[in-house]
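Working notes, structure below.
The values are calculated or read from the model by the stated rules, or taken from the named source; none is laboratory data. This one's a predicted model, so the numbers in the text were calculated from it and none came from an experiment. Here the Cβ positions follow ideal geometry from the backbone for every residue, glycine too, while neighbour counts run over all protein chains shown. The accessibility values were calculated without ligands, DNA or RNA, using every heavy atom of the protein model including side chains. Shrake-Rupley method; radii C 1.70, N 1.55, O 1.52, S 1.80 Å.
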Amino acid sequence: AAKDSGLKLELKEGADLAGALAGGKLSVGDVKAVPAGKYAKAALEKLGLWASVEKSLAMSENVRAALALVARGEARLGIVYATDAKAEKAVEVAGVFPEDSHPPIVYPVAVIVSSKNADAEAFVTYLSSPKAQEIFTAQGFTILK
């Protein structure tokens, strides 16, 4: 939600997300093509909220575009990754979906067999380094072991 909106939502079955929109838009990544949009739809469906908000969606080409709609006041609420929300000073987190309401969000990394990039292996090694993990953690990511 917009910074200082005062909106706080407990995202669970029966939540009045449509009422919280107050006639405004719910900004999400495209639910058919954008990973964050797919996770949003999965969570809304699992909590039984999809039907009540589907017609209020403002779908974007990526999660940062969805976030920008909220930051500019063009959408009342948005569903984005917590790490993206943390990076945008014009918004604040109004609610968090339960972890079991959507598939786990993971970012795997590997060097593919056909890679011709001499730096690929070093980059993957760096991503596992304490320095990289410190950066990821500072940005709100959880490191899986």
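Modelled label positions at A118 and V96, each set 7 Å beyond Cα in the direction of Cβ, lie 4.4 nm from each other.
May I ask you to order 44-52, 117-125 by the average number of other C-beta atoms within 10 Å around their residues, highest value first? Intermediate values should be presented prior to the final figure.
Details: 44-52: 16.7, 117-125: 11.0.
Highest mean packing first, the order is 44-52, 117-125.
Can you check what the net charge comes to around L21, using other residues whose Cβ is under 12 Å from the Cβ of L21 (Lys, Arg +1; Asp, Glu -1)? Don't skip to the answer; put the middle values down first.
On the way: positive: K25, K55, R76; negative: D16, E54.
Value of the local net charge: +1.
Among the helices of the chain, none built from whole DSSP H runs has Cα atoms reaching 15 Å or more along its own axis together with a mean Kyte-Doolittle hydropathy of at least 0.0. Calculated accessible area for the chain comes out at 64 Å² per residue, all protein chains present (probe 1.4 Å; ligands, DNA, RNA ignored).
Rounded, prolate or oblate for the stretch 106-145? Axes are the square roots of the Cα gyration tensor eigenvalues, ordered a ≥ b ≥ c, and the cut-off for rounded is a/c under 1.5. Note, shape of the stretch 106-145 comes out prolate. In this structure L144 has an accessible area near 130 Å², from a 1.4 Å probe over the protein heavy atoms.
Between A42, A33, A90, the Gaussian network model of the chain with springs among Cα atoms under 10 angstrom shows the greatest mean-square fluctuation at A33.
Taking a 26 Å limit on the Cα-Cα distance, which of the listed pairs K12/K55; K8/K46; K12/K32 fall beyond it? Let's see the in-between values first.
Values: K12/K55 20 Å; K8/K46 20 Å; K12/K32 23 Å.
Flagged as over cut-off: nothing, all pairs pass.
Between A51 and T83, the FRET efficiency estimated from the beta carbon spacing at R0 = 30 angstrom works out to 0.55. Can you tell me which of L127, L77, L26 moves the most in a GNM of the chain? Springs connect C-alpha atoms under 10 Å apart. So, out of L127, L77, L26, the one fluctuating most is L127. Can you match Rg and Dmax of the Cα atoms in Å to one of these, [x] 17.2, 54; [y] 17.9, 66; [z] 15.0, 51, based on a calculation from the structure here? Checked against the structure: label [x].
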